[in-house]
Amino acid sequence: MDERGWLEHCATKEQLEFFEDQGYLIVEDALEPDLLAGLNDAVDRVADRVRDTKDLSEDDMVIKFRTVVEDDTFLDLLDNPKTFPLLWDILGWNIQLYISHLILYPPEPRGSEIRKSGWHQDGGRPVTEMERPQPRLSLKISYWLSDVPTPEHGAFTIIPGSHKLDHLPEGAREDEGVLPVCVNAGDAVLFDRRMWHRRGYNTSDVERRVLFFGYSYRWLRGLDYNNLSEEVLSKCDPIRRQLLGDGVDVKGWWQPTDADVPLKGWLEENKGEDYVKGLEKANRS
């Protein structure tokens, strides 16, 4: 964990206002070159295991959930200096990683029919069962491990501002108000889980490579795990342990003590108690 970098990348007022209004943020060069290379190597190792287990070819899409425990390199994404401060400035200090997944999307075969469907909001049953309008609950970060310079490279496609809507905007199926998010390898995109989005169609000649890390409030169950093993947690400092769902007592998920949420104590020490109280006020508004 690189605590030295956190305070240099806290959210600006402009970033918070943009995220609140549009539902996403692009963080350029979120991954340092050495980390980007290490992540691509780790992804290759994971992908080889998945292909062997599922008898997939190099031309098949690879999707792997619970990615964070598949290689120690992924642990360095938990509190990435350029994205982690944005997380606490948006969601607050009572947060955890609830999902991590990998998608390797090879080029579609020549002549394939282009399909423009798949619009959805993340969240599973809460999308159906929560009151309307839906609360935020969580957000995701996509870490891009390959260049996606054009929509034809399978660009992540969003409808800015649609996180405020409980239905797919009219005109979306005709691509009105739609934004293909074109990025470079090493960039990250934060987005509100309520954002209407879909995967683009990869008609380029290169594989699209992306990791998704989703963060939620600690009182939600994780999709990656119930309880992670001490073998994994022992590799982590207290704040990373918090992010991986660790806690002192079961009651702490609803009424956390300082021991349950070391991130809160770190913020009080380094940003001040007024700052922490401001995060709580912002999340209630």
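Criterion applied to E108, E170, E113, E131 was being among the acidic types (D, E) and either assigned to a helix (DSSP H, G or I) or modelled with pLDDT of 90 or more (or both), and the one residue passing it is E108. Within region 209-232, does at least one residue satisfy the condition of being out of contact with any strand residue (DSSP E or B) (no Cβ under 8 Å at 6 or more places or on another chain) and of a type in the set (V, I, T)? Yes: one or more hits. Being part of a helix (DSSP H, G or I), within 18 Å of the chain's Cα centre (by Cα), closer than 20 Å to F19 by Cα and touching a residue at least 24 places away in the same chain (Cβ under 8 Å) holds for only one residue in W93, W88, and it is W88.
Of the residues that make up region 184-198, is at least one out of contact with any Leu (no Cβ under 9 Å at 6 or more places or on another chain) and without any contact (Cβ under 8 Å) to a residue 12 or more places away in the chain? Among the residues of region 184-198, not one is out of contact with any Leu (no Cβ under 9 Å at 6 or more places or on another chain) and without any contact (Cβ under 8 Å) to a residue 12 or more places away in the chain, which makes the answer no. Take the residues of region 182-202 that are over 14 Å from Y215 (Cα atoms) and of a type in the set (A, V, I, L, M): which is modelled with the lowest pLDDT? So, considering only residues that are over 14 Å from Y215 (Cα atoms) and of a type in the set (A, V, I, L, M), the one modelled with the lowest pLDDT is M195.
Among all positions in region 34-41, there is no residue which is surrounded by 13 or more Cβ atoms within 10 Å (Cβ to Cβ), outside any helix (DSSP H, G or I) and at pLDDT 95 or above. Scanning region 34-46 turns up no residue that is in contact with a His (Cβ under 8 Å, 6 or more places away or on another chain), over 23 Å from L228 (Cα atoms) and of a type in the set (A, V, I, L, M). Filtering region 199-231 to residues that are among the polar types (S, T, N, Q) and either under 30 Å from A172 (Cβ atoms) or in contact (Cβ under 8 Å) with a residue 24 or more places away in the chain (or both) leaves N202, T203, S204, S216.
The values are calculated or read from the model by the stated rules, or taken from the named source; none is laboratory data. Since we're looking at a predicted model, the values are computed, not measured. Positions of Cβ are backbone-derived with ideal geometry, glycine not excepted, and every protein chain shown enters the neighbour counts.
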